[in-house]
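Colleague: First the structure, then my questions, so here it is.
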Amino acid sequence: MIKIRPYEAGDEQGFQALDKLLEVHPWNRRDLANWQWKFRGKNPAGEPIIFIAEDQGEMIAHFAAIPMLYYIDGEIIRGSHSTAMMTKPEFQNRGLVKFVADKLFKELLNQKIPFTYGYPNDNAYDLHKKHMGYHDINMQPLWEKKLHQNINIPRLTYHTSLSFLEIALFDNRVNDLWEKAKGNFKTIVVRNDQFLNWRYISRPDIHYHVYGAYDHEKLVAYCVLKLYREDKILRGHFIDLFTIPGEKIYGSFLLQKGLEFFCGKQVDEVNLWMQGSLFFGELLREFGFEVISSRPLICRFNLDQDKFKPLLTAEDWYFTMGDTLEIY
């Protein structure tokens, strides 16, 4: 008999078995270390909400929402990111995952989490839209730059007080930067030291290259970089970019130094998902990036739709790769 229930200790083994059965791509393999970090790590927004369906003790469906702290129109709001919607093949197309999702959304409502966003694949997009109440936010752009034997990076000059240094652990200097910058955004993930250390420094299965731009000893910008290889292509990601909008010197310095890092690693191309920043959009174009494709970002408004829907828009929602926990 099929039973739908919240997560219980030990479910991670069934989760991994189901994931291994369904996911054929080589990215973001959800090993135990990844699972512990994502679902039981030190997320400052709190514990995830997880529901599963089981049949005779075997996990046959799974859906989760991971809380994320957002700064929205001057308020700190606990939103959520939906992830890992999975159904065993023989139980697909029978409405099972909708029952699991209904339990998840009911608990999100109980916890007064007003919105849940995600990236459905092609198979799940219609299901999310037609049967789960998700709305389109936008087709999120993928920016890309070919490095062409590493010779086409703008070589700008900067005053000598600027330095580009690796960050082993975020500290109060990033909190100072966040406090100065946050008022320039309508909708953005809270980028303080607690979140950044959990999201990037503590992740066990991926090594991120984290760098700060410093003016004398003051942190004025940071970036999170990632390398990955697909067949013969070595790619670089700008997983996250952050500075005070309008500070063109700092933003340009961050991009140039990041590209120089990728050149040193013999990267063939660099890309990033980014929306909601005219400032960074203009800088990316100046550095030779182009939008080459897009993917749907969708969001479900669990409560207060009239309040949050006008604020979670392509124009006002600053969003980078690091704001999703599903792949990057």
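Values in this text are rule-based calculations from the coordinates and carry no lab data. The model shown is predicted, which means the values in this text are computed figures rather than measured ones. Neighbour counts run over all protein chains shown; Cβ positions are idealised from the backbone, glycine included.
Colleague: Report the net charge of residues surrounding Asp55, where surrounding means a beta-carbon distance below 13 angstrom and charges are Lys +1, Arg +1, Asp -1, Glu -1.
Modeller: Result for the neighbourhood of Asp55: +1.
Colleague: Once both labels are modelled 7 Å past Cα along the beta-carbon direction, what's the Phe99-Arg40 spacing in nm?
Modeller: 2.8
Colleague: Moving on to the next point. Relative to the first principal axis of the alpha-carbon coordinates of the chain, what is the inclination of helix 11-22, with its axis defined by its Cα atoms, in degrees from 0 to 90 and to the nearest 10?
Modeller: Helix 11-22 sits at roughly 80 degrees to that axis.
Colleague: Which value at 222 nm does the chain reach when only helices count, each DSSP H run of 4 or more adding -39,500 (n - 2.57), with the total divided by all residues and rounded to the nearest 500 deg cm²/dmol?
Modeller: On the way: 9 runs with 90 residues, N = 328.
After summing the helix terms and dividing by residue count, I get -8000 deg cm²/dmol.
Colleague: Here is the link list: Lys146/Lys180; Lys232/Lys257; Lys218/Lys257; Lys146/Lys186. Which ones come out longer than 27 Å on Cα distance?
Modeller: Numbers: Lys146/Lys180 34 Å; Lys232/Lys257 25 Å; Lys218/Lys257 17 Å; Lys146/Lys186 32 Å.
With Cα atoms farther than 27 Å apart: Lys146/Lys180; Lys146/Lys186.
Colleague: I would also like to ask the following. Relative to the longest principal axis of the C-alpha atoms of the chain, give the angle of the C-alpha long axis of helix 96-110, reported between 0 and 90° and rounded to the nearest 10°.
Modeller: It works out to around 70 degrees.
Colleague: Between 0 and 90 degrees, rounded to the nearest ten: what's the tilt of helix 248-264 against the longest Cα principal axis of the chain?
Modeller: So the helix axis and the longest Cα principal axis differ by about 80 degrees.
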